[in-house]
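Novice: Mind having a look at this structure? Questions to follow.
The values are calculated or read from the model by the stated rules, or taken from the named source; none is laboratory data. In this text, all values refer to a predicted model and were calculated from it rather than measured experimentally. Here the Cβ positions follow ideal geometry from the backbone for every residue, glycine too, while neighbour counts run over all protein chains shown.
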Amino acid sequence: MEVNAWVEDHTSGLIKNLLPHGFVTNITNKIYGNALYFKGAWKSPFDKYYTRDREFHLVNGKIVYVSFMSSHENQHVRAYDGFKVLRLPYRQGRDDIKREFSMYFYLPDKKDGLDTFVERMSSTRGFLDSHIPSYKVEVEKLRIPKFKIEFEFSVSEQLGIQSISLYHKALVEIDEEGAEATAATAHLTMLPGCCAPIKRPKTRFCSRSSISFLDKRRLYCNRFVRWSDL
């Protein structure tokens, strides 16, 4: 299908078959599509030597072993009431000195506190911009899992819309070198009828259970609470 080929080409081959077989029928009038692709290298990459398989706690109480990246460098980390925030800046290009991109990780203090945190974040005006680590601090221990998340859904079904069809697919992958993210959406219309860091205590950031993350420029935002999400 021409639409799927276009999406695959504009997402560096990461998103294939955006529209499943049979999604386009003889009553399809128009197809609108868009695609987003982002690949950023960490300003301070993780050393693969320190990547180890460690315990990750699932919400059902089970434990699985996954690859965790570790760092011993100072980091943009700050502890707030009930959660911690980690900011990982991306390396800037030579001709891109006016913009700065970062990925943010949000780690609730409680293992089962992600839903409560997300509700608090979404219901508080200006929450994200008021919880930004602005300087580096000495970190006792930093561990975050490598992961790859791919998800897809019919937007029209979620919204209960029958007059049009919207289909969305996205992918995010994190490793020692950086982050790669892409997303695509297809819209089908039918024919009629159808503080200073000195002397501060060391901070720990070990995401062994639920975690939420987003890109500061709102390129993507997600969370995962089960390793089956990855």
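Novice: Failed condition for Val66, given (1) assigned to a strand (DSSP E or B); (2) modelled with pLDDT of 90 or more, with all others met?
Specialist: (2)
Novice: Okay, moving on. Looking only at residues in the range 86-98 that are outside any strand (DSSP E or B) and surrounded by 13 or more Cβ atoms within 10 Å (Cβ to Cβ), which one is modelled with the lowest pLDDT?
Specialist: It comes out as Gln92.
Novice: Starting from the range 1-29, take each residue that is surrounded by 12 or more Cβ atoms within 10 Å (Cβ to Cβ) and assigned to a loop (DSSP other than H, G, I, E, B) and list its partners that are at pLDDT below 80 and basic (Lys, Arg), counting only C-beta distances under 7 angstrom and pairs at least six apart or across chains.
Specialist: Pairs found: Ile15/Lys169; Leu18/Lys169.
Novice: Does Phe151 count as surrounded by fewer than 16 Cβ atoms within 10 Å (Cβ to Cβ), within 23 Å of Asp175 (Cα to Cα) and aromatic (Phe, Trp, Tyr)?
Specialist: yes
Novice: Identify all residues within the range 106-145 that are over 25 Å from Gly178 (Cβ atoms) and part of a loop (DSSP other than H, G, I, E, B); write none if there are none.
Specialist: Residues satisfying the conditions are Asp109, Lys110, Lys111, Asp112, Gly113, Thr124, Arg125, Gly126, Phe127, Ser130.
Novice: Just give me the residues in the range 130-141 being surrounded by fewer than 16 Cβ atoms within 10 Å (Cβ to Cβ) and closer than 22 Å to Val172 by Cβ, in sequence order.
Specialist: Ile132
Novice: Could you please find all residues in the range 46-67 being closer than 26 Å to Ser134 by Cβ and surrounded by 15 or more Cβ atoms within 10 Å (Cβ to Cβ)?
Specialist: Matches in the range 46-67: Phe46 only.
Novice: Sort through Ile174, Ile164 and tell me the only one that's hydrophobic (A, V, I, L, M, F, W, C), farther than 27 Å from Val64 by Cα and modelled with pLDDT of 65 or more.
Specialist: Answer to the check: Ile164.
Novice: Taking the options Lys48, Lys110, Lys62, Lys43, name whichever one is of a type in the set (Lys, Arg), within 19 Å of the chain's Cα centre (by Cα) and within 23 Å of Ile144 (Cα to Cα).
Specialist: After applying the criteria, what remains is Lys43.
Novice: Would you mind finding the one in Phe101, Phe105, Phe83 that is in contact with a helix residue (DSSP H, G or I) (Cβ under 8 Å, 6 or more places away or on another chain) and buried (at least 17 other Cβ atoms within 10 Å of the Cβ)?
Specialist: That would be Phe83, the only listed residue that is in contact with a helix residue (DSSP H, G or I) (Cβ under 8 Å, 6 or more places away or on another chain) and buried (at least 17 other Cβ atoms within 10 Å of the Cβ).
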